[in-house]
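Heads up: the structure comes next, in structure tokens.
The values are calculated or read from the model by the stated rules, or taken from the named source; none is laboratory data. Given the structure is predicted, the values throughout are model-derived calculations rather than measurements. Note that each Cβ is placed from the backbone with ideal geometry, even for glycine, and that neighbours are counted across all protein chains shown. In case anyone asks, the SASA skips ligands and DNA or RNA and just uses the protein heavy atoms, side chains included. Shrake-Rupley method; radii C 1.70, N 1.55, O 1.52, S 1.80 Å.
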Amino acid sequence: PDHHMYERQVMDTLDEINDCLAPQYRWDVLRQATRNEVPGATLDWMLQMDPSEGVHASMILPLTYKYFDVIHRVDYGGTVMRPFFVGILPNFDFSDPKDQTVASLIIKMEELLVRHGILPSYHTRLVGRRCDVARKDMTPAEYERINFSDWAGFQKYGSLATAPRIDEYTTAQFSDENWKNGVGLFGEAVIFLPESRRAKRDFLVGKCITFSDNATRSITAVTESNGSIIITLSGERLLPEIAGYPNCFRVGVA
């Protein structure tokens, strides 16, 4: 929104989520106090700090639809994550499964609230083709809720694409004489993952994995073993420095 003036319903939602956190997560390192509510910037403060930040941001989408035929639009949130974690992010140890779980649940709440039109999306990705003739300006009634998934204008200007899930994973942080950071050191190209419902759904023979160096390998075998998933890939052995923990890789269709 303009000058980061978040809607009241957004701030109320952030405060409710904040209330769920234990005090050790609510310690605000910027204000040196335990956070009882999520701070919101005032217009005066924003104008002092940076008067150009977010200026007229609410008109970006209406003007885009005026000058472009939007052929693809994906809203991807940021509504909770951007303001909520300011000042408290250092409290999360992302190597700790407990902290990972708390953060993941907050992120999932945002995803669901945005998807179902409860909260607006503050981040949007668009692909458009310039109009030969600009459309007339939308009225406030026409662009009301334009950054919500239930915006009425989708019926006229094109549908909202479901945000594609980018399936990023890391190998298990596991090493012994045969493995280093979840990557096999001998024989075939093999990686080692913690078992999860999501991983069992995503890692299937025939799919491909793209690593941080953009090298792509096909999955040739999947084995479950004692709470872990061992993935065998095409090609030569992998380098732990590229494919191993904490490097991220993506799963896709071959």
Quick one: residue 151 ticks every box in (1) free of Cβ contacts under 8 Å to residues at least 12 places away in the same chain; (2) crowded, with 16+ Cβ neighbours inside 10 Å; (3) out of contact with any helix residue (DSSP H, G or I) (no Cβ under 9 Å at 6 or more places or on another chain) except a single one, so which number is it? (3)
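Please note which helices (runs of 4 or more DSSP H) are completely contained in the range 45-122 and include at least 1 residues that are within 25 Å of residue 152 (Cβ to Cβ). Show your work before the answer.
Numbers: elements: 60-67, 81-84, 97-115.
Those helices (runs of 4 or more DSSP H) span 60-67, 97-115.
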Considering only the range 1-8, I want to know if a residue exists there that is surrounded by fewer than 16 Cβ atoms within 10 Å (Cβ to Cβ), out of contact with any Asp or Glu (no Cβ under 6 Å at 6 or more places or on another chain) and aromatic (Phe, Trp, Tyr). no
May I ask you to list the residues in the range 23-58 that are closer than 30 Å to residue 141 by Cβ, of a type outside the set (Gly, Ala, Ser) and under 24 Å from the mean Cα position of the chain (by Cα)? 53
Restricting attention to the range 218-233, the residues that are more than 11 Å from residue 190 (Cα to Cα) and at pLDDT 95 or above number exactly 1
Report, by residue number, each residue of the range 127-140 that is open to solvent by 60 Å² or more (accessible area, probe 1.4 Å) and either touching a helix residue (DSSP H, G or I) at 6+ places or on another chain (Cβ under 6 Å) or in a strand (DSSP E or B) (or both). 127, 129, 130, 135
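Scan the range 9-32 residue by residue and report those that are at negative phi and open to solvent by 40 Å² or more (accessible area, probe 1.4 Å). Quick ask: steps written out before the conclusion?
Start the filter on the range 9-32 by keeping residues that are at negative phi, which leaves 9-31.
If the condition is that a residue be at negative phi and open to solvent by 40 Å² or more (accessible area, probe 1.4 Å), then 9, 12, 16, 19, 20, 23, 24, 27, 29, 30, 31 are the ones that fit.
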Within the range 69-128, of all residues that are touching a Phe, Trp or Tyr at 6+ places or on another chain (Cβ under 8 Å) and among the polar types (S, T, N, Q), the one nearest to residue 28 (Cα to Cα) is 91
